Amino acid sequence: MTIKMTGVWKTFGEGHTAVHALQNIDLANPQGEFTTILGPSGSGKTTLLNLVGAIDDATEGHIEVAGVDLAGLSVDELVKYRRENVGFVFQFFNLIPTLTALENVELVADLTASNGAERAAEVLDRVGLGDRMTHFPAQLSGGEQQRVAIARALVKEPPILLCDEPTGELDFETGRMVLDLLQRVSRELSQTVLLVTHNAAIGDMADRVLKLRSGEIVEDVHNDTPIDATELTW
Amino acid sequence: MVKPLHRKLIRDIARHKPQFIAITLTIFLGVAIFGAAFDSYTNLVASYDQTAVNYRFANLTIAGGDTETIAAFAGSDPAVESVEIRTTADVPLRVDDTKLLGRAISVPAGDQPMVNQLEIMTGSYPANGDANVVLVEDHMASHFDLAPGDSLDILIGDTWQHVTVGGVALSPEYIWPARNRQELLTTPDNFGVVFVSEELAEQITGEGPNEVAVYYAAGESDEEVSAALSAEGRELGATNIYTREEQASNNALTEDVKGLEEMAIFFPMMFLAAAGLAAYVMLSRLVHSQRPHIGTFLANGFTRRQVLVHYLGYGIVPGLIGSIPGAIVGVLLARTITRLYTGILSIPLTVVDFYPTTLIAAIVFGLVASLLAALAPALVASRVVPAEAMRGETPSGGGRRSLLERVFPPLRKVPAAWRMTFRGVGRNPRRTIYTIIGVVLSLMLVLVSWGLIDTTRHLMDRQFIEIQREDATVYFAGPTATEDVAALVDIDGISSAEPALTMPVAISANEAHYETALTVLQDDTEMHRFANVDGGWIDLPSNGVVLGQATRDLLDIKVGDTVAMTVAEGDTIRPIVAAFVDEPLGTMAYVGRAHAEALTGSALPATSALISYDEGVDAKVLRNTITDIPRVAAFEDAQVLFDLMQRFMVLFYAFVGVMLVFGGAMAFALIFNAMSVNIAERTREVATLLAVGTERRSISRYITAENMLVAAMGIPLGLIIGTLAAGAALSSFNSDLFTFKLHIQPTTYLFASLAILAVALISQIPGLRAIRRISIPQVVKERSA
Ligand SMILES: Nc1ncnc2c1ncn2[C@@H]1O[C@H](COP(=O)(O)OP(=O)(O)OP(=O)(O)O)[C@@H](O)[C@H]1O
Ligand SMILES: [Mg+2]
């Protein structure tokens, strides 16, 4: 799915205390493009993902996904959009503490598939947690929790994948494994990916690298020869 | 809903087990009390109704006047099924050595009467010609241990006539043995009913039948028919007319049952309200702490409706688990209560039915309460803004001086750790408010029951110690000269004696009538004190009558108005109303002897003497001495009456006592929850404090101090709301027979407050123990939670 933003502003608060989290963003991502977003803390990265994921709305401007303006969708249509088109990996993983790893993924899988449990198990296997499925979040390490969150996003096989620092908690090896998975899955499914990271090295595997500062795009670099995630080093 | 959501629901509930158990239990209790009390009420009313029909309980009784004509008139009314003419006489009886002022009622020989039929317990109904065989009413028979073949004496003229007990009978008119509506309490030593032949009855009165009992075709009461017959009866000189509803025994029983009905609604409502509020508080906290998860649901494409339904589930689960067994237990309990009650009161017929509507209503009440409680938090959950909810928990409230510090500046000088305590109270207003609600609810639950008990005890003391000052009442067999009363003082053990004349009277004003007893007292009486409705004690006025306060509204009169008072003989006097008195029991009329004699224009006799004892006298010995006097019909010791009254209240005390225990248990659960959640919510904060090197012991101290401070803040509000709730509970009991004014002892307030603080303190223990076990790495890692 293509994502197209024109003149998008996001402002929190009013008057003196207003924060312009995003300022006049123009951006077009064709279907299948893997984009990494870099930028200092508070530069608006999470805000940008939230707008694309339709869990927040723009103060000004238009966001079109596959040619449809999100602002024009009804509440029910937005729910459907999120359910069928978007996979989220949150910065704070937001796993449900009273559900096991498998159940956390199944919860989301059930929304779109009838064999939710099977698919959830499959995806958990792919992120290397095949032997941790019955563990509760509190029994998992930070990195393991993050991989559950990634599995939860992938299980729906959504056309759009929004990842907020998916490797922040992971060691080099596991991080690379997760990125490899993301790369392969997104290529397989021709997913449009927006991946926020503080790690500039990850940009090498992306089709495109954006840099945000104070809510503005300050750099937009296309990479015609992205390398395989397995070749990344940092 | 999706399966994992069900699992989340169940595990969340398991995680907050104590809170959910407390809420479920409160709902269970509320629903069970409702089922038990309401079904008992329904069963008892059905039992009374069935008894009334089976024994053809009179719909209207007309005493005095031209009995024959009244009976003929009543008989000609198509709405009337049966009319019975009979003779009723209050007459001294003697069983062994005990004299009592009893009542003889005539019944036809050979056949049961057409109205007010009897249930023969033992022996047999008197046959034709057995003029000297009597039936003894069940209460009297059991008190004096009378059985068929035994004998007793009836005073006819000046002679004691020996009669034989032919059987023991129950009567719909004397299920609660009361002389009349104003004298609902009589000791069995002082009142008993015998059913005699018409012949014997006429010997006693010396004249013909004096009462007409009417039974309507419909079996039920019919106000129009009663009004028409009463008007005609009054026209024909009747002096005392009462409907089935006004009949003394029936009135006492319905009053009692009415109380049960009020409690059947009030107490369950209170419990369900408490459960609802507790659930609301807990679920609000739960939703608040799960905001990030809710954001995740919504971001992943869950609908707001799914979220709403999920969180309503937290209300539905305890609602169902509490109310279904609650309703069943309640309905089953009702059967036992009904049987116990009808057994204690020896109501001849017990109807124990299963009422599906009660069962359903009870479950619906429980469910509605829990759903309502869950609705607001569930709506909040469904309206969460996902982007905001998932930014991670930011500490709420800033660093601010607390109100306490602003009000008492010296507090700013206390060590920093203690200042933290004050600020903690204001920093998390949600937590503070929830805790205060818990304390307020707890005090309400406790004070309502405790207030009812306090009030009743106070009123008993007021009636039997402050208002009625006599140690005993001596009843004479007939009108007695006041000089003879004065002579009683010569008897050893009696320090003073005052003549009293009590007679039934119908007070009329503004087209309304009220039937009660008028007592003529010595002008400067020491035996009765008068509590003016406007406060303070007053002397018996030398001009006018003193009336119980209920007449004010019933007759629409005020001080200074003239009322018509028709006494038994049909004479009417027209005194002015001098004052209204506030008396807990009954609504009576009093007048000074001099004024009464001026009104009637004749010297008046006495029917009884109010006496006080010498110090240290043996009441039993005195009783025997006095009842040996031929003129004396009965002797009633005030203490015995007081004890009887206490026994009458046993059912009430038992019910309210149980409520107090339940309320106390609920209060404990509520506060326990509030406190343990307060501590649990602060795990992260505590872990941080531990990480920077604060001692666990001092952390425990700060947290305890903060919690106790909040609990103490809730107490004044709780006392006020508890008092208001107790007042509301009481007002439903008021009638012309009982005037309840809330009276809560200061010590009750004190003990209730101390109990709350004690519970709050005890409730700290598990949470503080948890603090001792906190593992810093664990808490820090649980970023997802
Ligand atoms: N709900 C909100 N209310 C007020 N300000 C907000 C809100 N959400 C975000 N902001 C502000 O918007 C700006 C951008 O926030 P955002 O979360 O997008 O940053 P970010 O680039 O993701 O930072 P980080 O790398 O620290 O996660 C920040 O200055 C933040 O304080
Ligand atoms: Mg961010």
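One residue is enough: does region A:144-155 have a residue meeting the conditions over 16 Å from A:THR174 (Cβ atoms), within 13 Å of chain B (Cβ to nearest Cβ) and touching a strand residue (DSSP E or B) at 6+ places or on another chain (Cβ under 7 Å)? Within region A:144-155 (the criterion being over 16 Å from A:THR174 (Cβ atoms), within 13 Å of chain B (Cβ to nearest Cβ) and touching a strand residue (DSSP E or B) at 6+ places or on another chain (Cβ under 7 Å)), the answer is yes, since at least one residue qualifies.
Pairs are defined by a Cβ separation below 6 Å, a sequence spacing of at least 6 or placement on different chains, a first member in region B:538-565 that is part of a loop (DSSP other than H, G, I, E, B), and a second member that is modelled with pLDDT of 90 or more and of a type in the set (D, E, K, R); the pairs so defined are B:GLN549/B:ASP582. One residue alone among B:PHE38, B:PHE57, B:PHE20 is assigned to a helix (DSSP H, G or I) and either away from chain A (no Cβ under 14 Å) or of a type in the set (A, V, I, L, M) (or both), and that residue is B:PHE38. In region A:115-143, of all residues being within 13 Å of another protein chain (Cβ to nearest Cβ) and in contact (Cβ under 8 Å) with a residue 40 or more places away in the chain, the one that is surrounded by the most Cβ atoms within 10 Å (Cβ to Cβ) corresponds to A:PRO137. So in region B:259-300, with the set limited to residues that are over 31 Å from the mean Cα position of the chain (by Cα) and among the hydroxyl-bearing types (Ser, Thr, Tyr), which one is farthest from the other protein chains (Cβ to nearest Cβ)? Within region B:259-300, the match that is farthest from the other protein chains (Cβ to nearest Cβ) is B:SER284.
Taken residue by residue, region A:18-38 has at least one member that is buried (at least 19 other Cβ atoms within 10 Å of the Cβ), more than 9 Å from every other protein chain (Cβ to nearest Cβ) and of a type in the set (D, E, K, R).
Within region B:577-596, residues that are over 20 Å from B:LEU459 (Cβ atoms) reach partners that are charged (D, E, K, R) with beta carbons closer than 6 Å, at six or more positions or on different chains, in the pairs B:VAL577/B:ASP561; B:GLY592/B:ASP523; B:ARG593/B:ASP523; B:ALA594/B:ASP523. Here is the figure for region A:156-172: residues that are within 16 Å of ligand 2 (Cβ to nearest atom) and touching a residue at least 40 places away in the same chain (Cβ under 8 Å) total 6. Inside region B:350-389, residues that are away from ligand 1 (no atom under 16 Å from the Cβ) and within 14 Å of another protein chain (Cβ to nearest Cβ) make up a count of 2. Number of residues in region B:599-628 that are free of Cβ contacts under 8 Å to residues at least 12 places away in the same chain and surrounded by 17 or more Cβ atoms within 10 Å (Cβ to Cβ) equals 0. Could we say that A:GLN183 is assigned to a helix (DSSP H, G or I) and away from chain B (no Cβ under 13 Å) here? Yes, satisfied.
Of all residues in region B:356-389, those being surrounded by fewer than 17 Cβ atoms within 10 Å (Cβ to Cβ) and modelled with pLDDT under 90 number 2. Apart from one condition, A:LEU232 fits all of (1) out of contact with any strand residue (DSSP E or B) (no Cβ under 6 Å at 6 or more places or on another chain); (2) more than 16 Å from ligand 1 (Cβ to nearest atom); (3) closer than 27 Å to A:ILE25 by Cβ; the exception is (3).
This table checks each residue for (1) outside any loop (DSSP other than H, G, I, E, B); (2) crowded, with 22+ Cβ neighbours inside 10 Å; (3) free of Cβ contacts under 8 Å to residues at least 12 places away in the same chain.
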position: B:VAL83; (1), (2), (3): yes, yes, no
position: B:GLY102; (1), (2), (3): yes, yes, no
position: B:GLY110; (1), (2), (3): no, no, no
position: B:MET114; (1), (2), (3): no, no, no
position: B:THR122; (1), (2), (3): yes, no, no
position: B:TYR125; (1), (2), (3): no, no, no
position: B:GLY129; (1), (2), (3): no, no, no
position: B:VAL136; (1), (2), (3): yes, yes, no
position: B:ALA141; (1), (2), (3): yes, yes, no
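Tallying residues that are away from chain B (no Cβ under 11 Å) and hydrophobic (A, V, I, L, M, F, W, C) within region A:49-68 yields 6.
Evaluated against (1) surrounded by 22 or more Cβ atoms within 10 Å (Cβ to Cβ); (2) within 16 Å of ligand 1 (Cβ to nearest atom); (3) among the hydrophobic types (A, V, I, L, M, F, W, C), A:ILE160 falls short on exactly one condition, (2). Test A:LEU22 against the stated conditions and say whether it is within 9 Å of ligand 1 (Cβ to nearest atom) and of a type in the set (A, V, I, L, M). When the stated conditions are applied, A:LEU22 passes them.
Taking residues in region A:77-105 that are facing chain B (nearest Cβ under 7 Å), and partners anywhere that are among the polar types (S, T, N, Q) and in a loop (DSSP other than H, G, I, E, B), the pairs with Cβ atoms closer than 8 Å and at least 6 places apart or on different chains are A:VAL79/B:THR303; A:ARG82/B:ASN300; A:ARG83/B:ASN300; A:PHE88/B:ASN300. Return the residues of region B:1-42 that are surrounded by fewer than 23 Cβ atoms within 10 Å (Cβ to Cβ) and under 30 Å from B:LEU253 (Cβ atoms); say none if nothing qualifies. Answer for region B:1-42, where residues must be surrounded by fewer than 23 Cβ atoms within 10 Å (Cβ to Cβ) and under 30 Å from B:LEU253 (Cβ atoms): just B:THR42. Only a single criterion out of (1) part of a loop (DSSP other than H, G, I, E, B); (2) among the charged types (D, E, K, R); (3) surrounded by fewer than 18 Cβ atoms within 10 Å (Cβ to Cβ) is not satisfied by B:GLU483, namely (1).
Every test in (1) more than 30 Å from B:HIS16 (Cβ to Cβ); (2) at the interface with chain B (Cβ under 8 Å from one of its Cβ atoms) is passed by A:ALA71 save one, and that test is (2).
Within region A:186-226, can you find the residues that are in a loop (DSSP other than H, G, I, E, B), over 15 Å from the mean Cα position of the chain (by Cα) and away from ligand 1 (no atom under 16 Å from the Cβ)? Answer for region A:186-226, where residues must be in a loop (DSSP other than H, G, I, E, B), over 15 Å from the mean Cα position of the chain (by Cα) and away from ligand 1 (no atom under 16 Å from the Cβ): A:ASP207, A:ASN223, A:ASP224, A:THR225, A:PRO226. Scanning region B:332-343 for residues that are surrounded by fewer than 16 Cβ atoms within 10 Å (Cβ to Cβ) and touching a residue at least 12 places away in the same chain (Cβ under 8 Å) turns up just one, B:ARG339. Counting only strands (runs of 3 or more DSSP E) that sit completely within region A:1-110, those holding 1 or more residues that are of a type outside the set (Val, Ile, Thr) and within 16 Å of ligand 2 (Cβ to nearest atom) correspond to A:3-12, A:19-29, A:34-38, A:86-89.
The values are calculated or read from the model by the stated rules, or taken from the named source; none is laboratory data. A quick note: this is a predicted structure, and the numbers were derived from the prediction, not measured. Virtual Cβ from ideal backbone geometry, glycine too; neighbours counted across all protein chains shown.
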